[in-house]
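Q: Before I ask anything, here is the structure I am working with.
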Amino acid sequence: SWEVSADPLLIVGIVLLIILMLVINVYLLVHWQHPDDQNESILARLLILYGFQLSAVSVLMLPLDVANDGGNPACDSQSMLTLSSTLYCGGINMYYLWESMFVMIYFTVIVLIPFATFYYESDSIDIMDPSLQKSRFWPAVMQESVLVVFFLIILLALFFTNQGTTNLPVTNFNFALEELSVEEYTFSESTRSNGVFLSPLLTLSNSQSNSLSSLATSNTDYISYPVTFPVYLIGLFGWLGWWFFALFAGVGLTTLPFDLTCEYFWRPHVLAPDELANMEVELQERTREILEVAQLLKRERNSGLLTRSQVRKRMFADRMEVNRLAQMAFFLERDVGEFAACKEANVRYNPLVPYVKLFAGSFFSLLSLLWQLQIILAVLTKPAVSPLLSLYLVSFDGWFPMFGNLTYALLSLYLLVCTIKGCFKLSMRFLCCKLHPMQVGGTYINSFLFNMGVVLLCTVPLIHFCVTALSGYTSDSDIYLMLGLQVQHLVFFSVFYRSNFFIWVILLVSLVLLPFLLWRPRDKPTDPSDFKRQLHTRSMTSSSTPSSSSWMFPFGAGYNLIPSSLGGKGDNKRHNGS
């Protein structure tokens, strides 16, 4: 018989890591939230804590699954190999636990986060009659219902049109046993060998494999069978999440250590009084120009000169303009903070902060380099040159699993942070989506919800990436059976996974981005003069073609797009994008 209890030291380590992540998430929510959101719904804050904690717990479950060893055939109670096996086998059904966690993640992404966002950003005041109060609950329910129905139709249509089938490749070796010598070939029961796998239990060294290949003929067949609905749900939304994870993680692997290192070189310095005065005048001029741009946008939307068809045609361009304004405001606030730091460099500024950022940038550069080497040596090269990190993690399983678990937690959670960084960096350079920065004392609830959605959507692809990149470490786990076999070979999705398309994107984006950052290391805002010139030109064009069938664009006069710190008034947090 085999043991039915997990390693107590491993359980203690995982529990401590989960508690640590809970403390970090509570700190982020309390210390980073904007003062204007202190009176917002307690349910939204609990949802934020739940979402970030769900992502962290899911990522940290992988070492527990590896130690549980449930994917090893020798741990099967119905297997004849069990009686002679000396492997450790845990008693946790990790497969169903993974299914439950992933379904909870996608329920949060599809249902809870959109509903909370719709509720938070809906208008409680009637634009036509500000004295009337509107309910924010039912409009959010209607919008969420449309979204859920849309996803269900697509999901069920794909699942029941024979897309929920996985094709597992099987290589058959045919040879005559009388041609083999017992003294010449030695079989082992290790599934973590550097040799060639003949089965989950029998392996050969490389030299024995080459000799055997000369005697055997081989062919590849496929075993097709339908997967369960939860597995297909995981595969579909995991594939969608891969597009975001590959792009954001690739950007973040380079920009996160690069920006932290640059913060050291851009640290505040003591400036002469005349330099401070010139900087203050420049900031005041930029503030005035941004206010003028905001007034032009507001006047254009309240002019009543645009028809419905014109509004529809300009919807994307208008969203880009609002995002550009939010970008300008964000950079202005950043520069105002740097001006204040320079002004008080001898009084309040902590001189150790730049050195901490330099150390963090150097350490994160090492982590990014390790992931890039792991991708090249263990995933993209065929056959793999070296297991690298997998060998490092496996080496701790025999004598100190806690350190291996901490190392994996550091590597995987670093990828989550890179994902958020990459999302924000792309939003700054390409204004196709709203800015949702995470700032100390300046993060709104909708920014928390947006970043939590990105993290949860990329959690399953991140785990899938770790399973693939660290296959030597995860080969006996249940998550390898789910993501590395069933999901990896699903109809249609297997085209992307077998070619390592997404992993190539991560590597190429991270490598190509470095020369671009060296050429343009600092993000710069849009020139307000050019922005105002474009608005003036368009305003003259629109006023020359009036229409009797006009319609006001849905940004009323009561919405100020400039943050209150720059002179704006009123409750603007749900509309300024920052």
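The values are calculated or read from the model by the stated rules, or taken from the named source; none is laboratory data. None of these values were measured; they are calculated from a predicted model. Heads up, the Cβs are rebuilt from the backbone with ideal geometry, glycines too, and the neighbour counts pull from every protein chain shown. What goes into the accessible areas is simple: the full protein's heavy atoms, side chains included, and nothing from ligands, DNA or RNA. Shrake-Rupley method; radii C 1.70, N 1.55, O 1.52, S 1.80 Å.
Q: Please find, among Ile48, Ile11, Ile19, the residue that is modelled with pLDDT of 85 or more, hydrophobic (A, V, I, L, M, F, W, C), surrounded by fewer than 18 Cβ atoms within 10 Å (Cβ to Cβ) and within 27 Å of the chain's Cα centre (by Cα).
A: Details: Ile48 fails: surrounded by fewer than 18 Cβ atoms within 10 Å (Cβ to Cβ); Ile11 fails: modelled with pLDDT of 85 or more.
From the options Ile48, Ile11, Ile19, the qualifying one is Ile19.
Q: Here is a follow-up. Hand me the list of helices (runs of 4 or more DSSP H) wholly inside the range 396-479 holding 1 or more residues that are open to solvent by less than 10 Å² (accessible area, probe 1.4 Å), in contact with a helix residue (DSSP H, G or I) (Cβ under 9 Å, 6 or more places away or on another chain) and free of Cβ contacts under 8 Å to residues at least 60 places away in the same chain. Talk me through it step by step, then tell me what you get.
A: Values: elements: 401-429, 445-469, 471-474.
Per the criteria, 401-429, 445-469.
Q: Does Val30 satisfy being among the hydrophobic types (A, V, I, L, M, F, W, C), part of a helix (DSSP H, G or I) and open to solvent by less than 50 Å² (accessible area, probe 1.4 Å)? Break it down stepwise before answering.
A: Details: among the hydrophobic types (A, V, I, L, M, F, W, C): yes; part of a helix (DSSP H, G or I): yes; open to solvent by less than 50 Å² (accessible area, probe 1.4 Å): no.
Answer is no for this residue.
For (1) polar (S, T, N, Q); (2) under 23 Å from the mean Cα position of the chain (by Cα); (3) at pLDDT 65 or above; (4) open to solvent by 50 Å² or more (accessible area, probe 1.4 Å), each residue gets a yes or a no:
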{"residue": "Leu62", "(1), (2), (3), (4)": "no, yes, yes, no"}
{"residue": "Pro73", "(1), (2), (3), (4)": "no, no, no, no"}
{"residue": "Ser79", "(1), (2), (3), (4)": "yes, no, no, no"}
{"residue": "Ser85", "(1), (2), (3), (4)": "yes, no, no, no"}
{"residue": "Asn93", "(1), (2), (3), (4)": "yes, no, yes, yes"}
{"residue": "Met101", "(1), (2), (3), (4)": "no, yes, yes, no"}
{"residue": "Phe107", "(1), (2), (3), (4)": "no, yes, yes, yes"}
{"residue": "Pro130", "(1), (2), (3), (4)": "no, no, no, yes"}
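Q: Is it the case that some residue within the range 291-299 is open to solvent by 40 Å² or more (accessible area, probe 1.4 Å), closer than 26 Å to Lys425 by Cα, modelled with pLDDT of 70 or more and more than 30 Å from the chain's Cα centre (by Cα)? Write out each step before concluding.
A: Of the residues in the range 291-299, the ones open to solvent by 40 Å² or more (accessible area, probe 1.4 Å) are 291-292, 295, 298-299.
Filter again for closer than 26 Å to Lys425 by Cα, leaving 291.
In the following step, the residues that additionally are modelled with pLDDT of 70 or more were identified as 291.
Add one more test, that the residue is more than 30 Å from the chain's Cα centre (by Cα), and what stays is 291.
Looking for residues that are open to solvent by 40 Å² or more (accessible area, probe 1.4 Å), closer than 26 Å to Lys425 by Cα, modelled with pLDDT of 70 or more and more than 30 Å from the chain's Cα centre (by Cα), one finds at least one in the range 291-299, hence yes.
Q: With the requirement that a residue be farther than 30 Å from Tyr264 by Cα, open to solvent by 60 Å² or more (accessible area, probe 1.4 Å) and among the aliphatic types (A, V, I, L, M), what does the range 359-383 give you? Give the steps one after another, and end with the answer.
A: Let us first name the residues in the range 359-383 that are farther than 30 Å from Tyr264 by Cα, namely 376-383.
Right, trim to open to solvent by 60 Å² or more (accessible area, probe 1.4 Å) and you get 376, 382-383.
Selection gives Ile376 alone.
Q: Looking at (1) modelled with pLDDT under 90; (2) in a helix (DSSP H, G or I); (3) within 22 Å of the chain's Cα centre (by Cα), can you tell me which one Ser539 breaks?
A: Evaluating Ser539 over (1) modelled with pLDDT under 90; (2) in a helix (DSSP H, G or I); (3) within 22 Å of the chain's Cα centre (by Cα) leaves (3) as the failure.
Q: Exactly one of these conditions fails for Val311: (1) among the β-branched types (Val, Ile, Thr); (2) buried (at least 16 other Cβ atoms within 10 Å of the Cβ); (3) modelled with pLDDT of 85 or more. Give me its number.
A: (3) is the only condition that Val311 fails.
Q: Further, regarding this structure: Scan the range 455-471 for residues that are over 14 Å from Tyr106 (Cβ atoms) and under 9 Å from the mean Cα position of the chain (by Cα) and report the count.
A: Number satisfying all stated conditions: 1.
Q: Does at least one position in the range 363-372 carry a residue that is out of contact with any helix residue (DSSP H, G or I) (no Cβ under 7 Å at 6 or more places or on another chain), among the aromatic types (Phe, Trp, Tyr) and either modelled with pLDDT under 90 or part of a helix (DSSP H, G or I) (or both)? Explain how you work it out, then say what you get.
A: The initial filter retains those residues of the range 363-372 that are out of contact with any helix residue (DSSP H, G or I) (no Cβ under 7 Å at 6 or more places or on another chain), namely 363, 366, 369.
Within this subset, residues satisfying the condition of being among the aromatic types (Phe, Trp, Tyr) are 363.
Subsequent filtering for residues that are either modelled with pLDDT under 90 or part of a helix (DSSP H, G or I) (or both) retains 363.
Scanning the range 363-372 turns up at least one residue that is out of contact with any helix residue (DSSP H, G or I) (no Cβ under 7 Å at 6 or more places or on another chain), among the aromatic types (Phe, Trp, Tyr) and either modelled with pLDDT under 90 or part of a helix (DSSP H, G or I) (or both).
Q: If Val4 passes every condition in (1) open to solvent by 30 Å² or more (accessible area, probe 1.4 Å); (2) modelled with pLDDT under 85; (3) within 20 Å of Thr407 (Cα to Cα) but one, which one does it miss?
A: Val4 satisfies all of (1) open to solvent by 30 Å² or more (accessible area, probe 1.4 Å); (2) modelled with pLDDT under 85; (3) within 20 Å of Thr407 (Cα to Cα) except (3).
Q: So is Trp243 touching a residue at least 60 places away in the same chain (Cβ under 8 Å), open to solvent by 10 Å² or more (accessible area, probe 1.4 Å) and touching a Phe, Trp or Tyr at 6+ places or on another chain (Cβ under 8 Å) or not?
A: Judged against the criteria, Trp243 is a match.
Q: Here's something else I'd like to know. Considering only residues that are farther than 20 Å from Ile375 by Cα and at pLDDT below 90, which ones fall in the range 456-485? Don't jump to the end; show me each part of the working.
A: Step one: filter the range 456-485 for residues farther than 20 Å from Ile375 by Cα, giving 456-457, 476-478, 481-482.
Asp476, Ser477, Asp478, Leu481 - these are the residues of the range 456-485 that are farther than 20 Å from Ile375 by Cα and at pLDDT below 90.
Q: Would you please name the residue that is surrounded by the fewest Cβ atoms within 10 Å (Cβ to Cβ), looking only at residues in the range 490-526 that are within 19 Å of the chain's Cα centre (by Cα) and of a type in the set (S, T, N, Q)?
A: In this case the residue turns out to be Asn500.
Q: Residue check: is Glu263 free of Cβ contacts under 8 Å to residues at least 60 places away in the same chain, in a helix (DSSP H, G or I) and surrounded by fewer than 19 Cβ atoms within 10 Å (Cβ to Cβ)? Let's see the steps before the verdict.
A: Working: free of Cβ contacts under 8 Å to residues at least 60 places away in the same chain: no; in a helix (DSSP H, G or I): yes; surrounded by fewer than 19 Cβ atoms within 10 Å (Cβ to Cβ): yes.
No: the conditions fail for Glu263.
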